[in-house]
Structures are given as structure tokens and as C-alpha cells.
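The values are calculated or read from the model by the stated rules, or taken from the named source; none is laboratory data. Keep in mind the model is a prediction, meaning the values are calculated, not measured. Every residue, glycine among them, receives a Cβ derived from its backbone with ideal geometry; neighbour counts consider all protein chains shown. The area values use the complete protein model at the heavy-atom level, side chains included, leaving out ligands, DNA and RNA. Shrake-Rupley method; radii C 1.70, N 1.55, O 1.52, S 1.80 Å.
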Amino acid sequence: MTAHPFDLLTVDQLRHNGSLKWTEYPGTLGAWVAEMDFGTAPGIIEAAQQTLASGLTGYAPTSLIRDMQQSTSQWLDARFGWKVESEHIRPINSVAAALDAAIMHFSPKRRPDAPLVLLTPAYMPFISAASRFGRISKQVAMLQTETGWELDWTALEQALGGGALLVLVNPHNPIGKVYSREELQRISLLVEATGSRVFSDEIHAPLVYSGSTHVPYASISAIAAGHSITAVAASKAFNLPGLKCAQLVLTNDVDRTVWSRVGDVPEHAAANVGLAATTAAYRTGSGWLDGVIDYLDASRILLGRLIAEHLPQVKYQAPQGTYLAWLDFSRLALEPNPAQFFLTEAQVALTSGNACGKGGSGFVRLNFATPGPVLAGMIHRMGAAVDGCDKFDATDPEFAS
Ligand SMILES: Cc1ncc(COP(=O)(O)O)c(C=O)c1O
């Protein structure tokens, strides 16, 4: 059998390419920040190059924005069956900026200083988002069962009481949960009953594996569309976060009126190359993406096998979406915490669960969007570090992947 082209990428090449993941902690294997090691789709590279070759280095021409809006609208319909008018899709530079906009402009009407409600473990920068605006956040810890993750409905209802801005990340980074339609319905009833609002971060939506289906929150009912704003982007699925383009989807008249007053500056922050790359991703990238999803699907299974072999004390439930694995090392009591332990003892750079809020202690987030042999090298090293807790030769080919 011939090797998959991604399997042939080496650590040396990845370091040489110079991405953040592979250069921030020199000499380590990079499994932390959410970047993929597989480049991006050829049509996207062509579109980005064409943007520069055409001299589009000034402000964004209306046609570039219109193309992005139309292609996003077609993509959302084709991929998720969600019909959105292209005018209601607004450019912005990033999903992080979209959350900031939501906090500033789309909090519950009768409680403009409403707390943020986060479902934890949460995407790390969201933990401190509220405090940047002088607001508080309430963390509602997700419950892990033998079959997956569930919401703590009582705690959620309490946290939303009096009105709040619920940050719903679906698929859920870092636990990889894809919320079912029934769960979204039940969330929407609680949100509506408490006069709350939802910021639905669907940046990982295209990265869902067989057995799960992404349902856009705002698509489930007029009620959900009325109290939510959604952020989507091609940036995770097509590996484009450095090109600075995301999309804010506004699904009710009131929010569109507000945005027409306040949206000018954030809209101008979207980059021309990012707009063109997004259009190319949505119009021409499906085949490339489907190949990547197949590869990642195999990787999440491979990861389970590797963990069973080299780290049998670790609990791992394969994610339903995203290329992030949430690994429970709590049985091992690694000091000072698992991420720091593996950085120094195994030279593997991971994200510490401590950065993800309530329920994160004892866990690490591992990014498995990396070549299979590199993934095997990471887990092999981590297993060796746990077993002996002794130093090993990281240049030994067995460990270097
Ligand atoms: C759930 C989630 N939201 C937002 C972001 C940040 O996206 P952006 O770079 O568009 O701000 C990430 C990045 O990994 C993410 O995983």
C-alpha cells in the first residue's frame, strides 16, 4: 500500500516551514495551537496569490466582499442545509473579534452588563474575554459520562438566570463534542426563558466525523435565530487563521440594525487575501477538505490505539469533531501539571488543561492534525516519559518519529 502524502511529511520539514506550532518551543514536537500540518487547498493558494498579483493590496473592493458573502451562503446551505441570505453574512477578521463584538453589542437588552456563560473546559482565550470588558463570566462545567459529554442543565439554568450571554462553541473545543439538535433545542428554550442571548462559535463546524452531524444553532428555530449571533470561518477547516477573515451571521432584524451602526470598523479589519481565500475555500475546497477529514478520522482512531498501548492510564474519548483530543492524565498526578511535565520530560508541546477553566486540571489538549508517524512519535515519547520518568534520547529515531 502506498503511504498517504501527509504521512511523508517529516518533523524537519515542518520545523523548516516555520509555523507557530513548530517554532515556539524549539526542539519539541508541536501539538498545541490549533493549526494543521497539511498546508491548505491548492485553489486557496492560487486565489491568495492572484489577489496580490492583481494588485489588490488596497481596501477591500465590494466585489471581493460580495463573493465571500455569496460563497459562504452557498457553503452553509450545501454543507449544513442552512439557508442564509448572503447580505446577512458580514466580514470580520477573526472569530475572537466576533466574540468581542457580541459582548459589546449583542448582550441581552435588559441587562447590557450581563455575565458571559462559558461551558467548560473552554477554548482558552474565552476564559478571560469577559474581564476585558469589565464583565464577569460564569463557568458551567460539562459532565463526562462513559459515552460522551453532557450538559449540566441545572447549572446552566442557574447561570443563565437573570439574563446572560451564553458562549456556545459547537463543535466544542477542547472536548470535541458535537451538539445534537435536541440539545440545541433545549438550550434555546432555557436561553429564551431567561432573556439571555447566544454567541454561537461554529469555527470547527466543517470538521465533523462520521456518526455526528453539525447543526447550526440559529437554524433550529425562529426563536434561536432571534436570540443568537453566529460566527463561522473557513480558517480551521482549511488552515487559514493567519489570513484574517471570518464571518458573522446575523439572523434577525434587530441585530442587523445594530450592526449597520457599529459594524464598519470591524468589517474593514477583514483582509483582502483572507476574503479571496475564504471564497476559494468554500467554492473549490470541498474535495481537499473531505480528504483531510478522512485522514483526521483515521488519526483519532490511531490515537486511541497509541494511547492504549503507551499510556494505558489515560482516559481518551475520540472527539466527534475538531482535530483536538482532550486527554485525562489525572490518575498519574504529573507534576507540576501534565503539559509542563511533557514539555520538559518528553519534549512534546501540548496545551495545558488548566488554561481551559473549570474541569481542566489534570488534562491536556493534544492537536492531532499532524502526520500519523509524528503522532505516533509523540505518544511514544509521552509513554516513555511516564514509564521511566527518566530522560531519553530525543534524537533516537524511535522517539523522533
Ligand atoms: C473555538 C474557537 N474559537 C475561536 C478561535 C479563534 O479563531 P480566530 O483565529 O478566528 O480568532 C479558535 C481557534 O482555535 C477556536 O478553536
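So is Leu296 modelled with pLDDT of 95 or more, within 23 Å of the chain's Cα centre (by Cα) and not in a helix (DSSP H, G or I) or not? Criteria not met by Leu296. Total residues in the range 155-170 satisfying the condition of being in contact with a helix residue (DSSP H, G or I) (Cβ under 8 Å, 6 or more places away or on another chain), under 10 Å from Leu190 (Cβ atoms) and open to solvent by 10 Å² or more (accessible area, probe 1.4 Å): the figure is 1. A single entry from Gly148, Gly176, Gly162 fulfils the requirement of being more than 16 Å from the ligand (Cβ to nearest atom) and in contact with a Pro (Cβ under 9 Å, 6 or more places away or on another chain): Gly162. Each residue in the range 318-330 was checked for being open to solvent by less than 60 Å² (accessible area, probe 1.4 Å) and either under 22 Å from Ala385 (Cα atoms) or at pLDDT below 95 (or both), and 6 pass. Selection of the range 197-215 for residues being away from the ligand (no atom under 16 Å from the Cβ) and either within 16 Å of Thr251 (Cα to Cα) or within 12 Å of the chain's Cα centre (by Cα) (or both) yields Arg197, Val215. Restricting attention to the range 123-154, the residues being charged (D, E, K, R) and either open to solvent by less than 70 Å² (accessible area, probe 1.4 Å) or touching a residue at least 40 places away in the same chain (Cβ under 8 Å) (or both) number 3. In the range 98-138, the residue that is farthest from Glu183 (Cα to Cα) out of those that are in a strand (DSSP E or B) and either more than 16 Å from the ligand (Cβ to nearest atom) or among the β-branched types (Val, Ile, Thr) (or both) is Lys138. The residues on offer are Ser63, Ser71, and the sole one that is exposed (fewer than 13 other Cβ atoms within 10 Å of the Cβ) and in a helix (DSSP H, G or I) is Ser63. Among the residues of this structure, Phe80 does not count as one that is modelled with pLDDT of 95 or more, within 16 Å of the ligand (Cβ to nearest atom) and of a type in the set (Phe, Trp, Tyr). When you look at Ser71, is it at pLDDT 95 or above and more than 23 Å from the chain's Cα centre (by Cα), yes or no? Considered against the rule, which asks whether it is at pLDDT 95 or above and more than 23 Å from the chain's Cα centre (by Cα), Ser71 comes out as no. Quick check: is even one residue across the range 331-354 closer than 25 Å to His214 by Cα, open to solvent by 40 Å² or more (accessible area, probe 1.4 Å), touching a residue at least 24 places away in the same chain (Cβ under 8 Å) and assigned by TED's automatic domain parsing to the domain that holds Tyr25? Within the range 331-354, none of the residues are closer than 25 Å to His214 by Cα, open to solvent by 40 Å² or more (accessible area, probe 1.4 Å), touching a residue at least 24 places away in the same chain (Cβ under 8 Å) and assigned by TED's automatic domain parsing to the domain that holds Tyr25.
Within the range 101-122, at least one residue is within 22 Å of Lys244 (Cα to Cα), surrounded by fewer than 19 Cβ atoms within 10 Å (Cβ to Cβ), in contact (Cβ under 8 Å) with a residue 40 or more places away in the chain and not hydrophobic (A, V, I, L, M, F, W, C).
Is it true that Leu52 is assigned by TED's automatic domain parsing to the domain that holds Gly321 and open to solvent by 60 Å² or more (accessible area, probe 1.4 Å)? Judged against the criteria, Leu52 is not a match.
Looking only at residues of the range 2-32 that are more than 24 Å from the chain's Cα centre (by Cα) and among the β-branched types (Val, Ile, Thr), we find that the one that is least open to solvent (accessible area, probe 1.4 Å) is Thr10. Against the test of being more than 20 Å from Ala369 (Cα to Cα) and either touching a Phe, Trp or Tyr at 6+ places or on another chain (Cβ under 7 Å) or within 16 Å of the ligand (Cβ to nearest atom) (or both), the options Pro312, Pro319, Pro338 yield a single qualifying residue, Pro338. For Leu118, the stated conditions hold: it is at pLDDT 95 or above and under 16 Å from Val95 (Cβ atoms). Answer yes or no: is there a residue in the range 231-239 that is open to solvent by 40 Å² or more (accessible area, probe 1.4 Å) and at pLDDT 95 or above. Scanning the range 231-239 turns up no residue that is open to solvent by 40 Å² or more (accessible area, probe 1.4 Å) and at pLDDT 95 or above.
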